[in-house]
Amino acid sequence: MKKAAYLALIALFILSLFVSGCVDQKITDSQDKNITPWKSLEDSPLRIFGPDDRFEFHHLNDNIPPRDEIRPIRKDPETFIEDMITRSETTALQIEDGINELEARGKDVEKLRGLLEDYEQAIERARENQKLAYETEPVTQINKRYYLTQSLQELDEANRILKEIFEELKLINPGSVELDLTDSLSANGKGTAILSGNLSIDLYVVNGMIAISDYKNDMKIVIDGDHVSSTVLREGHKVSLYKEFNGYANISGSNLAVMIKGNNISFSSTGQGAVMMSGNGTYNYSTIDGQTEQEQWMKPLGKR
């Protein structure tokens, strides 16, 4: 079975849905023009969450992260750095909880613990450089820019390690699938499913929510059921939200990102893309040569 779908896919998807601001834009304020954002912070998994959200998807969390929770770095780099460090510190605690839970399940978490230690050290260095930006005498714009830039560099390193942690979690905790054009997937359960790519999706949801981002503006959707619909803009992309959804839907498009949440969801998908499932459920993955495997959804880690 192909399980190469990278967990940062989730981050990129929700980033496009729920977070305003772009990290890779140049800073326009001349005073802060030398505080240059590092490229990998553009898709940091931490940028998708509100202050009280967790780094994993938990099926009990039905709240959409606030739309303007993080100010873009080009507008307010100092607030951005503080926000990212704080989120990173909180996430490190949550990851530690998750590692302890996985270890209690009998999983080998030695690599995860090593990655967590590296992650915490990078965060600590980012915090120290941030403090030096305001404490180093004399307090000048040159010193301030230098240390804030160093802080961003450490955040970039922390983000790289966080992606490694997600990748290791994916290997330990099943629930992600990469689809080829000739593959098919069917699933049912309670929790959250994320589907991204050139896909055709048939789904059934009881009292759930569906969020769809159509990047090529060629989506086709047929709905048979009750729902409350709305449309919002995130990062220049239209996002269709269907809340209190009860019924069936068929969704297809060449570049989709679809999130399905609910206590009773079933779906099947064909095409080329990636699928991530978290909660309590099962899925069947079939290839053109007739091979079929059944797996469990990723189990949500405990809440702190």
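Is segment 176-296 rounded, prolate or oblate when judged by the Cα gyration tensor, a ≥ b ≥ c being the square roots of its eigenvalues, rounded requiring a/c under 1.5 and prolate requiring a/b larger than b/c?
oblate
Karplus-based coupling profile of segment 219-227, in residue order and whole Hz: 5, 10, 9, 10, 10, 10, x, 8, 5, with θ = phi - 60° in 6.51 cos²θ - 1.76 cosθ + 1.60 and x standing for Gly or Pro.
Of the trypsin sites (Lys or Arg not before Pro) found in segment 156-233, those that fall in a DSSP loop while having at most 12 other beta-carbon atoms within 10 Å are K216.
Computed from the coordinates by the stated procedures, all read-outs in this text should not be read as laboratory data. Please read these numbers as outputs of a predicted model, since none were measured by experiment. FYI the Cβ positions are ideal-geometry reconstructions off the backbone, even for glycines, and counts take in every protein chain you see.
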